[in-house]
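First the structure, in the form of structure tokens, and then the observations on it.
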Amino acid sequence: MNASTNFGFWYCLRSVIVAGSLFVGTNFAISVATVYQFSHPQVLSEADAAIVLGAAAWDKRPSPVFRERINHAIYLYRTGKVKKILFTGGSPKSGFMTEAAVGRRYAIRNGVDASDIIYENHSRDTWQNLVNAQAIAEDNDLDSFIIVSDPYHLARADFMARDLGLNVQVSPTPTTRYTATQSKLRFLAQESYTLMMYQWVKLLAHFPQFIHQLHTRFL
């Protein structure tokens, strides 16, 4: 390899690295802006049910994060924004109450009619929360929803719900345990990264189909 060829190789490599870094940086910045935008309260229309995304439960008690989600769903129920509350979330360990069961128990103790609560006991993450909620909603003739979760969690939840075909709005909890600036920035960065990766995976899932279409058209 002569000097000019060597220079050309390193120039191309550097260009690829710079372009890739700009692409990733731009995508991440867009994700940060999206997560931040969704974290603010929106004007809500009435919906059939509030979907409460699962969070940690301590035996029969909701964790502070989960408790705030439940309290906000109860507020939406009491103010007439929703007619039902749909709890999601399984159990981290065998023999413990599921997150959804803990949420249901807490809501009933705080005045929600048991007949207005539905729940699923098997999901382990946000995607499963929404997939299982969709199945139960269909069984109960529910068509519109308000998703309740921590402010920075809602952008990803909204994207996932709409990809599933759910008719949703989002409503952030008015309080969150992420109050310190460092914790808020860490949570914002984490959710922005996760949202970016979710969108990339979704796009890559269509890549084989795109290649097949090109192959069919031109070969």
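The values are calculated or read from the model by the stated rules, or taken from the named source; none is laboratory data. What you see is a predicted model, and the numbers here were worked out from it, not measured in a lab. Note: ideal-geometry Cβ built from the backbone for every residue, glycine included; neighbour counts use all protein chains shown. Each accessible area value is taken on the protein alone, full model and side chains, heavy atoms only, with ligands, DNA and RNA left out. Shrake-Rupley method; radii C 1.70, N 1.55, O 1.52, S 1.80 Å.
Okay, here's what the table says:
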read-out: Residue count, the stretch 87-129 (criterion: open to solvent by less than 50 Å² (accessible area, probe 1.4 Å), assigned to a loop (DSSP other than H, G, I, E, B) and within 11 Å of Leu53 (Cβ to Cβ)); value: 3
read-out: Phe159 vs. criteria open to solvent by 20 Å² or more (accessible area, probe 1.4 Å) and of a type in the set (Phe, Trp, Tyr); value: yes
read-out: Among the residues listed as Ser39, Ser45, Ser94, Ser63, the single one being among the hydroxyl-bearing types (Ser, Thr, Tyr) and more than 24 Å from the chain's Cα centre (by Cα); value: Ser94
read-out: Subset of the stretch 97-124 that is within 24 Å of the chain's Cα centre (by Cα) and polar (S, T, N, Q) - its residue that is nearest to Ala57 (Cα to Cα); value: Thr98
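Let's see how each residue does on (1) in a helix (DSSP H, G or I); (2) under 25 Å from His206 (Cα atoms); (3) not small (Gly, Ala, Ser):
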{"residue": "Val131", "(1), (2), (3)": "yes, yes, yes"}
{"residue": "Gln134", "(1), (2), (3)": "yes, yes, yes"}
{"residue": "Ala137", "(1), (2), (3)": "yes, no, no"}
{"residue": "Leu142", "(1), (2), (3)": "no, no, yes"}
{"residue": "Ile147", "(1), (2), (3)": "no, no, yes"}
{"residue": "Ala155", "(1), (2), (3)": "yes, yes, no"}
{"residue": "Met160", "(1), (2), (3)": "yes, yes, yes"}
{"residue": "Ser171", "(1), (2), (3)": "no, no, no"}
{"residue": "Phe187", "(1), (2), (3)": "yes, no, yes"}
